[in-house]
Amino acid sequence: MNILVIGGGGREHALAWKLKQSPRVGKIWCAPGNGGIARDAECVAIDAG
């Protein structure tokens, strides 16, 4: 399963971190993301609004 997390704060970082631990998750993107999230998901430079 591929997942897009929308946002760039601490909650989104926690979601991406936990999702990465699941064997059912293939690819995680985060828009717009932040430096911490970049370790667990690919950040996409789009406006979350």
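The values are calculated or read from the model by the stated rules, or taken from the named source; none is laboratory data. Computed from a predicted structure; not experimentally measured. With ideal geometry, Cβ positions are generated from the backbone for all residues, glycine too; neighbour counts draw on all protein chains shown. Ligands, DNA and RNA are stripped out before the accessible areas are found, and what is left, the full protein with its side chains, is counted by its heavy atoms. Shrake-Rupley method; radii C 1.70, N 1.55, O 1.52, S 1.80 Å.
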Amide H neighbours of V5 at under 5 Å, excluding residues fewer than 5 places away on the same chain, with H built from the backbone geometry, are W29, C30, A31
Accessible area of C43 in the full protein assembly, 1.4 Å probe (Å², nearest 10) = 50 Å²
Alpha-carbon spread of the chain, three principal axes, descending order, Å | 29, 17, 15
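Can you give the charge dipole size of the chain about its Cα centre, rounded to the nearest 20 debye, using +1 on the beta carbon of Lys and Arg and -1 on the beta carbon of Asp and Glu? If you can, show how the numbers build up before the last one.
Values: 6 positive and 4 negative charges, 51 e Å.
The dipole of the chain has a size of about 240 debye.
Can you give the net charge of the other residues whose Cβ lies under 14 Å from the Cβ of A14, counting K and R as +1 and D and E as -1? Write down the numbers at each step before the final one.
On the way: positive: R11, K18, K20, R39; negative: E12, D40.
Overall, the nearby charge balance is +2.
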